[in-house]
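Report on the structure given below.
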Amino acid sequence: MASSGQPKVVLLDIEGTVCPISFVKDVLFPYALSALPATLEAQWDEPEFSQYRDAFPAEHASSQEALTAHVKDLMSRDVKIAYLKSLQGYLWESGYKSGELKAPLFDDVAPKFVQWKKAGKEIMIYSSGSVAAQKLLFKHTNSQPADLIPEISDFFDTVNAGPKQEASSYQTILAAHPEFPEANSWLFLSDNAKEVEAAKQAGMQSFVVERPGNAELSAEDREKHRVIKTFAEI
Ligand SMILES: CSCCC(=O)C(=O)COP(=O)(O)O
Ligand SMILES: [Mg+2]
């Protein structure tokens, strides 16, 4: 049983943990779908875009129409596959930089970042969103200052760590930071109970975060995991 000692590292999920699920589903996703046609039209043969197009399976990268249909299908099912997440991050970049997109972090998040850092804790991120998308989100937040990147020590996604519901991914993250070798000195916070389970299997402390708009937690998950509604007690 992992100790409940004070964590040295706070590893944070994004959607449903530091920002509402609705921001991803109702703002970021529609923005990406609205930006896709013009981006494909203008950049289909551009070297800058080719890395995103060529990461797709060949049958879905054969034409702008095929790629658009595949992206719409994946997003309609919230499939968190890396090549889609990379393309989404690319599509969101102009929106963040223009000011059209701003991440609505929950009120307790930015103050806790300051408090955790003063207490000597490290803050890291582990999200299905690409590392590039994570950095855009934390650079353009509703906080003052808007840029919280300086508070964050590292970023992990499904490419540099692995699938979020597999314990081996959390072991990969631990291996990336030998300066914090005790798994139970890490605290992973996520809205997803299966991710919390995987982190605990890797020896981390891990709590389920229950934010407004999150999916209803099962009685089993409430029984199995500590559930927190804010970061107040961390
Ligand atoms: C990094 S902003 C976009 C987040 C995203 O696309 C996503 O799927 C978030 O999933 P999470 O693992 O953070 O719940
Ligand atoms: Mg989440």
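Just need the relative contact order of segment 82-179 here, percent rounded to a whole number, with Cα pairs under 8 Å and 6+ apart.
29 percent
Show that you can apply the helix-only estimate: for the chain, add -39,500 (n - 2.57) for every DSSP H stretch of four or more residues, divide by all residues, and state [θ] at 222 nm to the nearest 500.
Calculated mean residue ellipticity at 222 nm is -12000 deg cm²/dmol.
If packing is taken as the mean number of other Cβ atoms within 10 Å per residue, what is the order of 151-157, 52-58, highest first?
Peptide ranking by packing, descending: 151-157, 52-58.
Defining a contact as two alpha carbons under 8 Å apart and six or more residues distant in sequence, what relative contact order in percent does segment 118-234 show?
Dividing the mean separation by the residue count of segment 118-234 yields 17 percent.
Where a Cα-Cα gap under 19 Å defines reach, which lysines qualify for residue 224, not counting those fewer than 8 residues away within the same chain?
Straight-distance partners of residue 224: 164, 194, 200.
In degrees between 0 and 90, to the nearest 10, how far off the longest principal axis of the chain does helix 64-76 point, with axes built from Cα atoms?
Relative to the chain, helix 64-76 is tipped by roughly 30 degrees.
Rounded to the nearest 20 debye, what is the charge dipole size of segment 35-194 about its Cα centre when +1 sits on each Lys and Arg Cβ and -1 on each Asp and Glu Cβ?
480 debye
Based on the alpha carbons, how large is the Rg to Rh ratio for the chain when Rh follows Kirkwood?
My calculation puts Rg/Rh at 0.98.
Report ³J(HN,Hα) in whole Hz for each residue of segment 134-139, in order, from the Karplus equation J = 6.51 cos²θ - 1.76 cosθ + 1.60 where θ = phi - 60°; Gly and Pro get x.
Rounded to whole hertz, the list is 4, 5, 4, 4, 7, 7.
So what's the angle, to the nearest 10 degrees on a 0 to 90 scale, between helix 109-118 and the longest Cα principal axis of the chain?
Between helix and principal axis, roughly 50 degrees.
Highest mean first, what order results for 134-146, 98-110 on Cβ atoms within 10 Å?
Descending mean neighbour count gives 134-146, 98-110.
Translational D (Stokes-Einstein, µm²/s) of segment 118-190 at 10 °C and 1.306 mPa s when Rh comes from the Kirkwood sum over C-alpha pairs?
121 µm²/s
Over 14 Å apart: what share of the alpha carbon pairs of segment 148-210 falls there, rounded to a whole percent?
55 percent
For segment 59-164, what is the accessible area per residue in Å² when the probe is 1.4 Å?
44 Å²
How big is segment 52-134 along each principal axis, measuring the range of its Cα positions in Å and listing the largest first?
52, 25, 21
Excluding same-chain residues fewer than 8 positions from residue 139, which lysines have a Cα within less than 17 Å of its Cα?
97, 102, 112
Heavy atoms of the protein only, probe of 1.4 Å, neighbouring chains included. What is the accessible area of residue 62 in Å², nearest 10?
Rounded to the nearest 10, that gives 90 Å².
Return the aspartates and glutamates within reach of residue 85: Cα separation strictly under 17 angstrom, same-chain partners fewer than 8 residues apart disregarded; answer none if there are no such residues.
13, 15, 26, 48, 54, 73, 93, 157
Using a 1.4 Å probe over the heavy atoms of the protein chains, calculate the carbon and sulfur portion of the accessible area of segment 1-136 as a whole percent.
After summing per-atom areas, the C and S share lands at 54 percent.
Over the chain, what relative contact order in percent results from Cα pairs under 8 Å that are six or more residues apart?
27 percent
What is the helix-to-structure angle for 82-98, meaning the angle in degrees between its Cα long axis and the longest Cα principal axis of the chain, kept from 0 to 90 and rounded to the nearest 10?
80 degrees
If you wrap a convex hull around the alpha carbons of segment 1-122, what volume per residue comes out, as a whole number of Å³?
Per residue, the Cα convex hull of segment 1-122 comes to 157 Å³.
The values are calculated or read from the model by the stated rules, or taken from the named source; none is laboratory data. Source: prediction; values computed, not measured. When we count neighbours, we look across all protein chains shown, and the Cβ atoms used for this are built from the backbone with ideal geometry, even at glycine. Side chains included, ligands, DNA and RNA excluded: accessible areas come from the protein's heavy atoms. Shrake-Rupley method; radii C 1.70, N 1.55, O 1.52, S 1.80 Å.
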